[in-house]
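To start, the structure under review is shown below, and the notes come after it.
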Amino acid sequence: MTKAAAESKKARRTSLWVSSTYFTEGLPYMIVRFISTVFFTDLGVREALLGFINFLGIPWNLKFIWAPFLDIFGTKRGWMIRIQAAITATVFIIACLAGFAQSGTDGHMLRAVGFLFIALAFISATNDIAIDAYYMEGLTDKQGQAAYSGLRIMAYRLAVIYSRTVIVAIAGFINWFWGFTAGSLTMGAFFVGHAFLLPRFEAERTGDGRHWREKLREFGESFISYLKQDRIAVVLAFIVTYKLGDELLFAMNTPFLMRELGVTKPQIAWLGGLVGAISAIAGAMLGSWWIKKVGLRRAIWPITLLMNVNIWAYVFLAWFKPSAATHEGIMLIAAVHGYENIAAGLGNIALMIYLMRLCMAKYKAGHFAIGSAIMSVGANVIGGFSGVIVENIGYTNLFILSFFAALPSMILLFFTPMHEE
């Protein structure tokens, strides 16, 4: 075999494991954060409790706390395979319980499913840690990591589209047992493939005292150095509030569409899986091009205004209430939903690039983990009470409140340091 042929074969193998691992990072996240909301909404759970589902995002905010401990024993590959086996089993148990829960009146069954989703959230957040670390073990040079970053994002987005379309559509056309079973079988197929085919990049570790001390020292230095950056209080406030309005709007988006506008599960599969996901990708691509062309400092202001002002489009939907049962109504809903996701994609990429610019060269991975963990803390905590807000003031006022929740980040833009490369 020639050198060129060997390199081509290695590139194909790398593309395969990068794609498969990041698909299995996106799938359980979507089951926890999106499918759970559709499920509980469909079964008639009241709005206040639906809002609490947003608290399931907190394990992803806190995952950097226990991330160093995956370095102490075993390998990232070993952790990943065991965790994915646990995800497969947990989702199947949820499928079985969902098959018995025919309505929101079965409180005991729904509580059991709720506790399983809490467990699945912590397991899935740990799955993210293992996959990201495995990626850095397999591609040790920065050029290699950058070369496959687009493939990572694409595989993750495919998992988003698959979850929102296939799983929700199966639940809509058949029932929730088969919807969740499809998710479990998909995860199980990847688990088996990973167990037999994933390359091994690192040797088993024994977790000796020196290894413990080194990892904990590195973790401490990374965290402290992050907090020593210029105007860190303003920076942290900006990161926490930047997506607050947009995320508060999305916190009750699914219940609003299904209950207020009459969107069915097959329509949710189309809206979320195709219209929403494709629009978000388009927004991210447009934002990347924009920032590359004019720089972060000049692009972030118009991007932020677009992201936040468009919240009023959802205020219009809540006031006008077009019916999803009519062709004109579902087209109007799709147009507003797509427009909102384009703006959200713009904001997401702007925040991600800002977080990357904050990372010091020595602690890039640790600093980005800290920034990405805290960026949705405010949204998850406040979003958890969004259902209570809806029950008290309604969806229209919730969306108006979302706009006012976005104002602090726009004020902080005047004082937040912007780093250009």
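The table below gives the values:
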| item | result |
| --- | --- |
| Residue within the stretch 296-311 that is in the same structural domain as MET352 (by TED's automatic domain parsing), surrounded by fewer than 17 Cβ atoms within 10 Å (Cβ to Cβ), among the basic types (Lys, Arg) and within 28 Å of GLY394 (Cα to Cα) present | no |
| Residue that is nearest to MET307 (Cα to Cα) [pool: residues in the stretch 245-291 that are assigned to a helix (DSSP H, G or I) and hydroxyl-bearing (Ser, Thr, Tyr)] | SER279 |
| Within the stretch 90-122, tally of residues that are at pLDDT 95 or above and among the hydroxyl-bearing types (Ser, Thr, Tyr) | 1 |
| Residue in the stretch 343-353 that is under 30 Å from PRO68 (Cα atoms), touching a residue at least 24 places away in the same chain (Cβ under 8 Å), over 17 Å from the mean Cα position of the chain (by Cα) and crowded, with 18+ Cβ neighbours inside 10 Å present | no |
| Candidate set from the stretch 198-220 (those that are farther than 25 Å from MET30 by Cα and modelled with pLDDT of 80 or more); member that is surrounded by the most Cβ atoms within 10 Å (Cβ to Cβ) | PHE201 |
| Number of the exception - ASN310 against (1) in contact with a Gly (Cβ under 9 Å, 6 or more places away or on another chain); (2) modelled with pLDDT under 95; (3) not aliphatic (A, V, I, L, M) | (1) |
| Selection count, the stretch 283-304, where residues are in contact with a helix residue (DSSP H, G or I) (Cβ under 9 Å, 6 or more places away or on another chain) and under 15 Å from GLY345 (Cβ atoms) | 13 |
| Verdict on ALA379 being in contact with a Phe, Trp or Tyr (Cβ under 6 Å, 6 or more places away or on another chain) and either in contact (Cβ under 8 Å) with a residue 24 or more places away in the chain or in a helix (DSSP H, G or I) (or both) | no |
| Unique residue being surrounded by 21 or more Cβ atoms within 10 Å (Cβ to Cβ), farther than 17 Å from VAL38 by Cα, β-branched (Val, Ile, Thr) and at pLDDT 95 or above when the list is ILE81, ILE129, ILE87 | ILE87 |
| Selected residue [surrounded by fewer than 18 Cβ atoms within 10 Å (Cβ to Cβ) and modelled with pLDDT of 90 or more] from LEU398, LEU317, LEU407 | LEU407 |
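The values are calculated or read from the model by the stated rules, or taken from the named source; none is laboratory data. What you are looking at is a predicted structure, and each value in this text was computed from that prediction instead of being measured. Virtual Cβ from ideal backbone geometry, glycine too; neighbours counted across all protein chains shown.
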